[in-house]
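Written below as structure tokens is the structure these notes are about.
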Amino acid sequence: MSLTLVIGNKNYSSWSLRPWLAMKVLGLAFDEKRIPLDTPGTKQEILRYSPAGKVPCLVDGSLAISTGPVFDPSGKAVASFTSVWRQESPGVWHIVFDKGCNCP
Ligand SMILES: N[C@@H](CCC(=O)N[C@@H](CS)C(=O)NCC(=O)O)C(=O)O
């Protein structure tokens, strides 16, 4: 299994820095794929790896994990989710595990 951590910028994206640091401290072998944030092509490039459209994302070729906030209709963050996805075919992802908590 070959792991790739897809991240934004380690200086300005603490979401990206956190798993990168954890994996380094744990001594895990992984490739790093950096995607420049806030460009016109950012979202499309992230979606190549992350079905949630966000970085960080850890991929092994067919599995990906994503986390993020859940918003109520007013836009207030009320919960968070963690999802594991499997790529069935290029660009087609299905959730194989989904966990939420009411901790935004
Ligand atoms: N709560 C998310 C936050 C992820 C997030 O907001 N990532 C930002 C960069 S810090 C991102 O992907 N921005 C690109 C975009 O939304 O197009 C997580 O746990 O991964």
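The numbers here are math on the coordinates, done by the rules we state, and not lab data. Quantities reported herein were computed from a predicted structural model and do not represent experimental measurements. Here the Cβ is made from the backbone with ideal geometry for all residues, glycine too, and neighbour counts use every protein chain on show.
Using the Kirkwood formula on the Cα atoms of the chain, what hydrodynamic radius do you get, in angstrom to one decimal? Evaluated on the chain, it is 14.5 Å.
Taking the helices alone, the chain has a mean residue ellipticity at 222 nm of -5500 deg cm²/dmol, built from -39,500 (n - 2.57) per DSSP H run of at least 4 residues and averaged over all its residues.
Summing charges over neighbours of His94, with a neighbour being any other residue whose Cβ is under 15 Å away from its Cβ, gives -1 when K and R count +1 and D and E count -1. In this rough spin-label picture, where each label sits 7 Å from Cα along the Cβ direction, the Leu26-Phe81 distance is 2.3 nm.
The DSSP beta bridges internal to the range 4-101 are antiparallel in roughly 85% of cases. Checking every one of the chymotrypsin sites (Phe, Trp or Tyr not before Pro) in the chain against DSSP loop status and a limit of 14 other Cβ atoms within 10 Å picks out Tyr12. Centre-to-centre, using Cα atoms only, the range 7-45 and the range 78-93 are separated by 18 Å.
Arranged from fewest to most other beta-carbon atoms within 10 Å of their beta carbon, Cys57, Cys101 become Cys101, Cys57.
Annotation for the range 48-101: trypsin sites (Lys or Arg not before Pro) lying in DSSP loop with at most 11 further Cβ atoms inside 10 Å of their Cβ are Lys76.
The ranking of Val70, Val96, Val6 from fewest to most other beta carbons within 10 Å of each one's beta carbon is Val96, Val70, Val6.
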